[in-house]
1. Name the strands (runs of 3 or more DSSP E) wholly within the chain that hold at least 2 residues that are β-branched (Val, Ile, Thr)?
2. Give the residues of segment 16-36 that are farther than 23 Å from Val77 by Cα and surrounded by 15 or more Cβ atoms within 10 Å (Cβ to Cβ), sorted by residue number.
3. Can you name the condition, by its number, that Glu13 falls short on among (1) exposed (fewer than 15 other Cβ atoms within 10 Å of the Cβ); (2) in contact with a helix residue (DSSP H, G or I) (Cβ under 8 Å, 6 or more places away or on another chain)?
Amino acid sequence: MEKFILNYRVIVEPDTRVGTNENSFTAYCPTLDVASDGDTMEDALKNIQEAIQLRVEVLVEDREEVPVDRVDEEAIVHTKIFAPKGAIIAA
């Protein structure tokens, strides 16, 4: 069986757990529409990698097309703007 290495974009953001208000991290893979979380960024990345692996395995099992990110055509950047006077900025 031939194997391929697939690359996926993952977004990790600090989060707060509902109910306990504990700090955590949420990881999301928009291409496969899967998410996971973890106590630390490393935990969240490990958990999303497992979720991505499971999602791809289900797609293959169901004989569906496996979407991939075109990393050679994407750019992930940050941008800054000036907030208008009087803006209420969320903490």
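1. Working: elements: 11-16, 23-29, 34-38.
Answer list for the chain: 11-16.
2. Correct list: Ser24 only.
3. Result: Glu13 fails condition (2) only.
Readers should treat all values here as calculations from the given coordinates under stated rules, not as data from a laboratory. Note that this is a predicted model, so its numbers are computed, not measured. When we count neighbours, we look across all protein chains shown, and the Cβ atoms used for this are built from the backbone with ideal geometry, even at glycine.
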